[in-house]
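S.K.: Have a look at this one.
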Amino acid sequence: MSRSFITVTEELHDYVVAHGTPPGELEQDLAAETQRATGRAAGMQIEPEYAALLTMLTRLVHARHAVEVGTFTGMSSLAIGRGLAEGGRLVCFDISDEYTSIARRFWQRAGLADKIELRLGPAVEGLAALPEEPYLDLAFIDADKESYGAYWDALVPRMRPGGMLVVDNVLWSGHVLDEHPSDAATASLIEFNAKAAADPRVDVVMLPFSDGVTLARKR
């Protein structure tokens, strides 16, 4: 079967963004402040179309209990927070008080401060302290790549049937194709991708979107 692929040029990317739900003023302000405050690190922030996808996924699973691992300045948490069902709550794990201080201000501006809880410290320890029963509707992983496997191990048992895990950066700018990875992050992502694909507890789809996104639905 023949296959054809589209190269996403800058112009085509702009077209994609223009034909989806546009970012609001708050998201535009957050993107601008992140660029000013963090410089090159601003590249860790998810794109406008990614934020729209997260909000849509949150609404599709009717999420009331959500977890985020890796918050940075808050774009993804804003997106998830906007999609939460009535009475929903998002717990965010991060290690940077500096970056998340920006997130906290924007949660307040968005009227989401009462729906989002930030827990500073190592996420592996924080996840271990969550209730052990399968209750989570949505989980988003976008943190240190070497710990993806540990985050997965902590979260999958806590997802309720039909719950959704969203994992970022799974293509790692194409470096997951390296036969001999030269850094720990790449090696860890290659190992994680194989682990997720082989996990019988979930149905998995990897999307060539942004820097690669894995969607996993708990069976």
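S.K.: Find all pairs meeting these conditions: Cβ atoms under 7 angstrom apart; at least six residues apart or on different chains; first residue within region 194-207 and closer than 16 Å to G163 by Cβ; second residue open to solvent by 80 Å² or more (accessible area, probe 1.4 Å) and part of a loop (DSSP other than H, G, I, E, B).
M.R.: Every condition considered, the pairs that remain are R201/R219; V202/R219; D203/R219.
S.K.: Does E132 meet the test of being under 20 Å from M164 (Cα atoms), in contact with a Pro (Cβ under 8 Å, 6 or more places away or on another chain) and open to solvent by 40 Å² or more (accessible area, probe 1.4 Å)?
M.R.: yes
S.K.: Does region 88-96 contain any residue that is out of contact with any His (no Cβ under 6 Å at 6 or more places or on another chain), open to solvent by 20 Å² or more (accessible area, probe 1.4 Å) and touching a residue at least 40 places away in the same chain (Cβ under 8 Å)?
M.R.: For region 88-96, residues out of contact with any His (no Cβ under 6 Å at 6 or more places or on another chain), open to solvent by 20 Å² or more (accessible area, probe 1.4 Å) and touching a residue at least 40 places away in the same chain (Cβ under 8 Å): present.
S.K.: While we're looking at this one, here's another question. Is there a residue in region 4-13 that is surrounded by 12 or more Cβ atoms within 10 Å (Cβ to Cβ) and under 22 Å from D211 (Cβ atoms)? Quick ask: steps written out before the conclusion?
M.R.: Step one: filter region 4-13 for residues surrounded by 12 or more Cβ atoms within 10 Å (Cβ to Cβ), giving 8, 13.
Right, trim to under 22 Å from D211 (Cβ atoms) and you get 8, 13.
Checked against the condition, which is being surrounded by 12 or more Cβ atoms within 10 Å (Cβ to Cβ) and under 22 Å from D211 (Cβ atoms), region 4-13 yields at least one hit.
S.K.: Residue under question is E33, and the condition is that it be more than 19 Å from the chain's Cα centre (by Cα) and exposed (fewer than 10 other Cβ atoms within 10 Å of the Cβ); does it hold?
M.R.: Considered against the rule, which asks whether it is more than 19 Å from the chain's Cα centre (by Cα) and exposed (fewer than 10 other Cβ atoms within 10 Å of the Cβ), E33 comes out as no.
S.K.: Of the residues that sit in region 36-82 and are closer than 21 Å to V16 by Cα and acidic (D, E), which one is surrounded by the fewest Cβ atoms within 10 Å (Cβ to Cβ)?
M.R.: The selected residue is E47.
S.K.: Now for a different question. For a quick check of your reading of the model, give me the residue pairs whose first member lies in region 1-29 and is closer than 18 Å to L54 by Cβ, whose second is modelled with pLDDT under 90 and open to solvent by 60 Å² or more (accessible area, probe 1.4 Å), with beta-carbon atoms closer than 8 Å and at least 6 apart or on different chains.
M.R.: From residues that are closer than 18 Å to L54 by Cβ, the pairs are V16/V8.
S.K.: Restricting to region 202-219, count the residues that are within 15 Å of Y151 (Cα to Cα) and loosely packed, with under 15 Cβ neighbours inside 10 Å.
M.R.: Selection size over region 202-219: 0.
S.K.: Just checking, how many residues over region 145-194 are part of a helix (DSSP H, G or I), of a type in the set (S, T, Y) and open to solvent by 50 Å² or more (accessible area, probe 1.4 Å)?
M.R.: Total meeting the criteria: 1.
S.K.: Turning to a different aspect of this structure: So, in region 105-116, exactly how many residues are under 16 Å from E86 (Cα atoms) and open to solvent by less than 90 Å² (accessible area, probe 1.4 Å)?
M.R.: Of region 105-116, the ones under 16 Å from E86 (Cα atoms) are 110-116.
From the residues that got through so far, the ones that are open to solvent by less than 90 Å² (accessible area, probe 1.4 Å) too are 110-113, 115-116.
Residues that pass the stated criteria total 6.
The values are calculated or read from the model by the stated rules, or taken from the named source; none is laboratory data. If you're wondering where the values come from, they're calculated on a predicted model, not measured in any experiment. Neighbour counts are summed over all protein chains in view; Cβ atoms, including those assigned to glycine, are modelled from backbone coordinates with ideal geometry. In case anyone asks, the SASA skips ligands and DNA or RNA and just uses the protein heavy atoms, side chains included. Shrake-Rupley method; radii C 1.70, N 1.55, O 1.52, S 1.80 Å.
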